[in-house]
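*Asks:* There's a structure below that I have some questions on.
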Amino acid sequence: MNVEPWTLLRQLRRLAGLTQEQAAAGLLTTGELSQIENGRVLPGRRTVCALCARYGADADEVLSGYAPLRQRDRLRNEMYKAAMRAREPGDLLDPGPARGRLSRFERLVYAALAAALAGRTVAAEHLLTMAWQASLDGAGLTRRGADRILAVEARVHFLVALACGRLSAALEWQQKMCARARRLGPTAPVQPEPKRL
């Protein structure tokens with residue numbers, strides 16, 4: 001049976017007889033360890049190795065469990081950066097065969113962005129409604145991954161509101177988009193929007 005790497009880390013800690021406070025001491029905060037053990041944060045290689053050493057366990061199995069998750073996270077980050085810079089649908093990154101690594105929620109939000117960039121506002125709003133029906137909860141995203149897709153979602157709302165002449169709504173969504181992008185740091189600056197009016 002395949003065990004998620006964060007579950008394996010939690011099991012190894014418990015087998016070592018350590019509390020989260022003891023395991024985290026000097027490495028990270030108890031809250032950070034909790035986030036790692038619940039799959040909300042992808043730990044770095046050094047953190048995994050340090051934790052496994054503290055647990056008296058080999059890190060290879062845990063690291064190999066995180067490898068596909070890191071690949072998916074890199075794909076998500078590249079798609080986010082392209083989405084926040086895109087001025088037309090062709091600027092978006094096509095994940096190709098890796099599309100299956102994205103959740104239904106993410107695929108629908110990116111499709112909504114493509115529709116909004118193409119000026120198809122009704123389709124964009126419909127796709128966002130479908131995304132929320134699919135639910136962000138089951139998307140299997142880290143906290144950072146959720147922040148990225150929610151910034152893209154805010155950009156879709158902004159573009160739709162702007163195209164429909166709802167300027168106060170556009171301003172509100174632009175502020176949300178920028179706030180969400182700022183939380184992610186300097187990885188993908190929000191580009192000025194093309195004039196649509």
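*Asks:* Considering only residues that are free of Cβ contacts under 8 Å to residues at least 60 places away in the same chain and touching an Asp or Glu at 6+ places or on another chain (Cβ under 7 Å), look in region 25-53 and name the one that is nearest to G145 (Cα to Cα).
*Replies:* Filtering first and then ranking leaves T30.
*Asks:* Examine region 99-114 for a residue that is buried (at least 20 other Cβ atoms within 10 Å of the Cβ), of a type outside the set (K, R) and touching a His at 6+ places or on another chain (Cβ under 9 Å), and state whether such a residue exists.
*Replies:* yes
*Asks:* Shifting gears a bit: Considering each of G56, G96, G65 in turn, give the residue that is touching a residue at least 24 places away in the same chain (Cβ under 8 Å) and at positive phi.
*Replies:* G56
*Asks:* Given the condition basic (K, R) and surrounded by fewer than 19 Cβ atoms within 10 Å (Cβ to Cβ), answer yes or no: does some residue in region 6-13 qualify?
*Replies:* The answer is no; no qualifying residue exists.
*Asks:* Could you pull out the residue among P43, P95 that is touching a helix residue (DSSP H, G or I) at 6+ places or on another chain (Cβ under 9 Å) and more than 26 Å from E21 (Cβ to Cβ)?
*Replies:* P95
*Asks:* Considering each of R99, R107, R144, R87 in turn, give the residue that is modelled with pLDDT of 85 or more and either in contact with a Gly (Cβ under 9 Å, 6 or more places away or on another chain) or part of a helix (DSSP H, G or I) (or both).
*Replies:* None of the others qualify; the one that does is R107.
*Asks:* Can you find a residue that is aliphatic (A, V, I, L, M), at pLDDT below 85, assigned to a loop (DSSP other than H, G, I, E, B) and farther than 19 Å from A86 by Cβ anywhere in region 168-190?
*Replies:* no
*Asks:* Right, next: Of the conditions (1) in contact with a Gly (Cβ under 7 Å, 6 or more places away or on another chain); (2) not in a helix (DSSP H, G or I), W6 clears all except one; give me its number.
*Replies:* Result: W6 passes all but (2).
*Asks:* Determine if region 77-84 includes at least one residue that is under 30 Å from V122 (Cα atoms), in the same structural domain as M130 (by TED's automatic domain parsing), among the small types (G, A, S) and touching a residue at least 40 places away in the same chain (Cβ under 8 Å).
*Replies:* Checked region 77-84: at least one residue is under 30 Å from V122 (Cα atoms), in the same structural domain as M130 (by TED's automatic domain parsing), among the small types (G, A, S) and touching a residue at least 40 places away in the same chain (Cβ under 8 Å).
The values are calculated or read from the model by the stated rules, or taken from the named source; none is laboratory data. Note that the structure is predicted; figures quoted are calculated from it, not measured. Neighbour counts run over all protein chains shown; Cβ positions are idealised from the backbone, glycine included.
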